[in-house]
1. Select from region 29-64 the residues that are assigned to a strand (DSSP E or B) and basic (Lys, Arg) and write down the one among them that is nearest to the chain's Cα centre (by Cα).
2. Name the single residue that is farthest from Asp156 (Cα to Cα) among those in region 194-205 being in a loop (DSSP other than H, G, I, E, B) and not small (Gly, Ala, Ser).
3. Given the conditions (1) open to solvent by 60 Å² or more (accessible area, probe 1.4 Å); (2) within 14 Å of the ligand (Cβ to nearest atom); (3) closer than 30 Å to Leu146 by Cα, and given that Arg74 satisfies all but one, which numbered condition is not satisfied?
4. Which of (1) outside any loop (DSSP other than H, G, I, E, B); (2) open to solvent by 40 Å² or more (accessible area, probe 1.4 Å); (3) not basic (Lys, Arg) does Pro123 not meet, given it meets every other one?
5. Could you check how many residues of region 97-120 are open to solvent by less than 80 Å² (accessible area, probe 1.4 Å), in a helix (DSSP H, G or I) and among the charged types (D, E, K, R)?
6. Filter region 149-190 down to the residues that are open to solvent by 20 Å² or more (accessible area, probe 1.4 Å), part of a loop (DSSP other than H, G, I, E, B) and at pLDDT 95 or above and list them by number.
7. Where in region 206-309 are there helices (runs of 4 or more DSSP H), lying fully within it, with 1 or more residues that are more than 16 Å from the ligand (Cβ to nearest atom) and either in contact (Cβ under 8 Å) with a residue 60 or more places away in the chain or surrounded by fewer than 21 Cβ atoms within 10 Å (Cβ to Cβ) (or both)?
8. Identify all residues within region 29-59 that are loosely packed, with under 12 Cβ neighbours inside 10 Å and under 14 Å from Pro72 (Cβ atoms); write none if there are none.
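The values are calculated or read from the model by the stated rules, or taken from the named source; none is laboratory data. Owing to the predicted nature of the structure, the values given are computational and were not obtained by experimental measurement. Because the Cβ atoms are built from the backbone with ideal geometry, glycine has one as well, and the counts that use them run over all protein chains shown. Heads up: the accessible areas ignore ligands, DNA and RNA and are worked out on the full protein's heavy atoms, side chains in. Shrake-Rupley method; radii C 1.70, N 1.55, O 1.52, S 1.80 Å.
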Amino acid sequence: MSFVCRFAPSPNGPLHLGHAYSALVNHAAAGAASGRFLLRMEDIDTTRCRPEFEQGIIDDLAWLGILPPTPPRRQSLHFADYAAALARLEALGLLYPSFETRTEIARAVLAREAAGASWPRDPDGAPLYPFSRQSLPEATRERRRLAGEPYVLRLDMARACALVGAGLSSPLSSPLSSPLSWREAVAGPLAPPVNVPAEPMRWGDVVLARKDVPASYHLAVVVDDHVQGISHVIRGRDLYAATAIHRLLQLLLALPDPVYHHHRLVLDGEHRKLSKSTGAASLAALRAAGASPDEVRALIARGLEADAA
Ligand code: GLU
C-alpha cells in the first residue's frame, strides 16, 4: 500500500509552532516511507478563511523546506462531495434538522444543571446537546425546515451506533463495551498500529452540516481523507478523541480507514496548547524577527518538552 499523508490547516490565521511541528512530522514520515505529502486547506468556514492566510501557509511551508504538490485541495471547492455524503447518511435515516440557537442550547444545559446533576460534557469539554431527535415530532421538523427556518443537521448518534453494531455507550446511558475501533500507530507514524476502542457516543448528536455551511469539520475531514487517498492521518493529540466520530462516519459511508498517528502537542511556557487566542507567535513573526528554520525546530523541541513535563 502506498503511503500518503496530509497537512490540513484552516487558513483562518497564520501558522504557529504547533502547525509547523505537524507539517514537519508528516513531511518526515512521507520521506521515510517514500510516500506522498499532501496539503489541504480546510476552509469550509468561508467567513473566517482568507486567501492571504492560504498564501502565508504555502510560504511558511516552503521556508521550512516543504513543497507540497500544487494546488492544494480546497474544501470550499468541494461542497458537492459533502452534500453527497450527507445524502447517504440522510438515506440511512441518520440525520435530523435541529433549529435551536446557541443561546437556547446553553439555557437548556443551565436549566438541567440547575435541576441537579451536572450535565455530561464531550471529550473537548463542551456540554452534550441537551435535546434529542425525539424532542420534536418529525412532522414539526419537516414543516419548520420547509418554512425556511435556519437549522443544522445532526447525526442521530444512538441510531448510527446501532447501525454499525457499536452498542449504546453514552454518558447519558450506562456504558457498554463498543466493538468500534480505529488503528493507531502509537509509537510513531510508521509503527505498526494497534486497535483503539472508539466511543463516538461520548460526543452526542454531533453537527454534520452547519447553518451557514453545508458541511462540518467531521464530515469534510472523513470525505477528504478518502478522496485524497490518505493512508496515514498524522495530526495532533487534540484530535485523538474525535477520531471516534471519524471512524463511525467511515463505517456509515463505507469508506476505507486510514491508520492514525496522534502526535504530541507543542505547548507554551505555561503548558497551554498553542493557539491564536493564547497569543502564540506565528512562524511569519519568528521569520520576520530573523529566526532560522533550525531555530524554529529548537523552539518546537522546547514546546514538546513542556508537553512531556
Ligand atoms: N483543520 C484541522 C486543524 O487545523 C486539522 C484537521 C485534521 O488534521 O484532521 O486543526
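1. Arg40
2. Step one: filter region 194-205 for residues in a loop (DSSP other than H, G, I, E, B), giving 198-199, 204-205.
Checking which are not small (Gly, Ala, Ser) leaves us with 199, 205.
Working: Glu199: 14, Asp205: 5 Å.
My answer is Glu199.
3. That leaves (3) as the condition not met.
4. So the condition that Pro123 fails would be (1).
5. 1
6. Answer for region 149-190, where residues must be open to solvent by 20 Å² or more (accessible area, probe 1.4 Å), part of a loop (DSSP other than H, G, I, E, B) and at pLDDT 95 or above: Glu149, Pro150, Tyr151, Val186, Ala187, Pro189, Leu190.
7. Working: elements: 217-227, 243-252, 283-288, 293-308.
Fully inside region 206-309 and qualifying: 243-252, 283-288, 293-308.
8. Those that are loosely packed, with under 12 Cβ neighbours inside 10 Å and under 14 Å from Pro72 (Cβ atoms): Pro51, Gln55.
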